[in-house]
């Protein structure tokens with residue numbers, strides 16, 4: 001296979017490998033923590049804003065590479081800032097760096113098509129230089145680089161094989177089958193021995209010789225293998241079992257298991273720093289997870305750092321270790337050797353709590369930090385509630401303080417960076433109806449009456465009792481409304497009860513009076529016949545609310561009289577004289593109640 005001419009970068013990398021394998025400079029040895037006293041770290045966080053799953057490091061450029069939602073982020077290790085973002089458009093399964101050529105290799109898997117690819121990125125320009133589609137499989141997982149031969153190895157989980165890619169031409173050079181029903185998942189390369197070590201999820205570990213692209217030996221372990229790391233200084237292979245929570249130690253030359261390191265909860269990531277002789281096992285079983293530090297010479301756990309994740313990478317040049325948190329907080333943990341153990345704060349308590357008006361409430365903010373953190377708060381708090389530097393949020397919210405209060409709580413302990421957390425305090429308040437207890441509508445016309453109530457959440461309304469026809473309650477953008485389209489004949493007074501509720505006890509009730517005014521209208525006939533010689537009577541009737549007042553205009557026969565009787569009625573009565581027999585008398589009847597127009601009726605009275 002061809003080897004790229006990378007000039008000064010490859011020469012600098014060769015010097016770094018020589019330092020690792022043949023003895024470290026005194027300056028670097030002085031910075032390496034003493035295993036006898038136990039390593040100490042300054043643990044800080046690099047906020048990238050999105051969930052990182054995979055991590056890799058270029059020890060020459062001090063660049064950290066992590067994935068985030070279909071992107072590759074290049075993070076400056078010195079400043080802890082994102083230097084570049086490379087869009088990949090597919091989920092990242094693995095990241096490998098060739099420090100000699102400053103090239104990054106990323107295995108991806110498309111969500112819809114499940115098409116696997118190896119994306120090649122120039123670390124100097126952060127530009128994609130090649131995309132190798134489905135190199136012998138549709139779900140590539142782990143990826144590793146042999147810097148000495150410029151060869152890339154890809155573990156194909158579904159394809160049950162190992163793809164060998166020529167780094168000089170970015171083409172598939174060979175495919176090595178691992179056998180049916182095997183699932184290669186993790187991979188690391190020993191450039192000194194020209195061997196790629198591959199772990200299968202089903203429990204097998206294969207040693208692949210680069211000289212002839214063949215499997216030289218197979219070591220069988222328990223199923224559940226998830227991660228693999230290699231100590232290039234000793235040729236020792238470490239394989240993590242996620243299910244069992246242990247790491248198997250394999251002597252590379254013999255392929256035999258020499259030890260098992262137990263009590264490693266939820267291992268997701270594994271790496272070795274050959275310069276310090278330390279193994280780092282990162283897990284994310286719960287909370288912030290745990291990264292265990294293991295002395296490679298004794299296989300003993302020498303430190304447990306309460307920051308874990310899904311992937312871990314060691315920078316052999318600086319001794320720093322970077323852990324992809326694998327959580328939605330969007331953090332990369334940076335573990336830097338230090339004279340004393342310190343840890344920048346990370347919030348561990350919930351980002352929300354609930355209070356109730358008129359009731360005492362409290363919430364204690366907590367953070368993981370060394371030394372212990374103190375807390376500050378910005379943003380308006382409800383009346384009656386205070387926040388103290390020890391992280392105590394407490395008090396009795398005043399009546400009327402219901403609502404949601406977005407505030408920011410910041411944990412600080414002098415170890416950068418501080419941790420700002422967006423926090424939501426919700427104050428629940430029982431409902432209280434504040435609208436008037438009466439309203440008026442007009443029959444035959446549409447009307448709306450706004451219903452108002454205090455409380456949080458915004459209360460909803462129901463009613464019990466008799467309401468006018470065509471009347472409904474419904475929510476609107478500004479609150480609830482009483483809407484009515486009462487028919488013309490529905491005038492009157494309606495008494496019912498409104499209820500406001502929002503799930504907070506007690507609910508509220510209000511006796512409500514709805515008056516429906518109706519314009520007057522005549523309902524009796526517009527004609528009548530009276531007889532001479534007998535007493536006659538005719539009742540004039542109307543509808544409307546309030547009841548109308550009736551009046552008569554025009555000439556009536558002698559002996560016949562008009563009299564308003566109340567309740568929207570009037571009476572024509574009397575004894576018409578013989579002289580009027582055969583005559584017709586036309587009069588005008590009027591009905592008025594100050595609602596709408598006065599009703600008029602032309603009335604004809606015939607004498608027979």
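Values in this text are rule-based calculations from the coordinates and carry no lab data. This is a predicted model, so every value here is computed, not measured. FYI the Cβ positions are ideal-geometry reconstructions off the backbone, even for glycines, and counts take in every protein chain you see.
Here each label is just a point 7 Å from Cα along the line to Cβ, and for residue 597 and residue 473 those points are 3.8 nm apart. Helix 8-22 axis versus longest C-alpha principal axis of the chain: approximately 70°, rounded to the nearest ten. Mean projected area of the convex hull spanned by the Cα atoms of segment 352-429, taken over all viewing directions: 4.5 nm².
Within segment 417-450, whose backbone N sits under 12 Å from a point 7 Å along Cα→Cβ of residue 399? Zone members listed by number: 430-433.
On full extension, the segment bounded by residue 110 and residue 304 gains 66.2 nm, given 0.36 nm per residue less the C-alpha separation. Set against the labelled values [x] 1.40; [y] 1.03; [z] 0.94, Rg/Rh (Cα atoms, Kirkwood Rh) computed from this structure falls on [x]. The gain in end-to-end length when the residue 466 to residue 360 segment is fully stretched comes to 34.1 nm, 0.36 nm per residue minus the alpha carbon separation. Segment 546-600 and segment 451-521 have their alpha-carbon centroids 40 Å apart. Helices in the chain, meaning DSSP H runs of at least 4 residues, each add -39500 (n - 2.57). Divided by all residues, the mean residue ellipticity at 222 nm is -1000 deg cm²/dmol. Cut-off 18 Å, label point 7 angstrom out along Cα-to-Cβ of residue 169: give me the residues of segment 110-137 whose amide nitrogen falls inside. Within reach of a label on residue 169, which here means backbone N under 18 Å from a point 7 Å along Cα→Cβ, segment 110-137 contributes 118, 120, 130-136. The slack between residue 496 and residue 78, meaning 0.36 nm per residue of separation minus the straight C-alpha distance, is 143.3 nm. Please find the FRET efficiency linking residue 573 to residue 511, where r is the Cβ-Cβ separation and R0 is fixed at 51 Å, and quote it to the nearest 0.05. Approximately 0.70, to the nearest 0.05. FRET efficiency for the pair residue 422 and residue 180, taken as 1/(1 + (r/R0)^6) with r the Cβ-Cβ distance and R0 = 45 Å, rounds to 0.35. Paramagnetic label reach from residue 386 (point 7 Å along Cα→Cβ; backbone nitrogen cut-off under 18 Å): within segment 331-375, residues 358-365, 375.
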